[in-house]
Structures are given as C-alpha cells and as structure tokens.
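Written below as structure tokens is the structure these notes are about.
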Amino acid sequence: MDAITLNEGRYINPQQMCCVISLDTINYKHYIGKWKEQGLVIDVCEKQKPRSAVIFQNNLILINSVAAETVKERFCACGEI
C-alpha cells in the first residue's frame with residue numbers, strides 16, 4: 001500500500017484514515033481546543049494556516065496545512081477507493 005504524501009516528507013497511511021474535514025468551512029478553533037484537551041491532536045502545520053484535519057481509526061486527529069480536497073485527490077490517486 002502506498003502512503004499519501006502530505007507535505008515536506010510527511011506521509012499518512014490511507015488504510016488508517018476515517019475521514020478528512022475541511023477547516024475552511026467550520027469553526028475549527030472550538031473543536032481543536034477540545035481535541036487538544038483530550039490529547040488527540042497532532043499538529044503539523046508549522047506556523048501555516050490549518051486547512052484540514054485527517055481523522056484516523058485510532059481517534060487521532062492530524063491537523064495540517066494541506067487542503068481537504070488535495071488530501072482527497074491524493075487518496076483517490078493511491079487506489080484506495
């Protein structure tokens with residue numbers, strides 16, 4: 001299985017993904033605060049604007065600066081659908 005490239009050498013396993021949420025369309029700051037309190041957030045934005053959250057089967061949430069649509073396109077390109 002091919003991994004999906006996010007950016008700058010960061011890869012995710014598409015078999016572990018549950019969903020991708022666009023942070024451009026929701027009031028994500030409220031949710032991220034709750035998720036961080038629960039210790040569920042991995043933030044890889046590196047001072048860039050958060051654009052999507054990838055939720056994994058083990059309930060971890062990866063906040064990244066790649067658009068949700070881009071993650072979806074890369075997911076489809078790897079042949080998981």
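Looking at region 42-54 only, could you name the residues that are within 12 Å of the chain's Cα centre (by Cα), farther than 11 Å from residue 12 by Cβ and open to solvent by 20 Å² or more (accessible area, probe 1.4 Å)?
Residues satisfying the conditions are 43, 50, 51.
Tally up the residues in region 23-41 that are open to solvent by 100 Å² or more (accessible area, probe 1.4 Å) and assigned to a loop (DSSP other than H, G, I, E, B), please.
The qualifying residues number 3.
Just give me the residues in region 42-81 being of a type in the set (Val, Ile, Thr) and part of a strand (DSSP E or B), in sequence order. Show your work before the answer.
Going through region 42-81, the residues of a type in the set (Val, Ile, Thr) turn out to be 42, 44, 54-55, 61, 63, 66, 70-71, 81.
42, 54, 55, 61, 63, listed by residue number.
If you scan region 55-81, which residues turn out to be free of Cβ contacts under 8 Å to residues at least 40 places away in the same chain and either farther than 16 Å from residue 11 by Cβ or within 9 Å of the chain's Cα centre (by Cα) (or both)?
55, 59, 61, 76, 81, listed by residue number.
The values are calculated or read from the model by the stated rules, or taken from the named source; none is laboratory data. Worth saying up front: this structure is predicted, and the values here are computed from it rather than measured. Note: ideal-geometry Cβ built from the backbone for every residue, glycine included; neighbour counts use all protein chains shown. Surface accessibility is based on the protein's heavy atoms, side chains included, excluding ligands, DNA and RNA. Shrake-Rupley method; radii C 1.70, N 1.55, O 1.52, S 1.80 Å.
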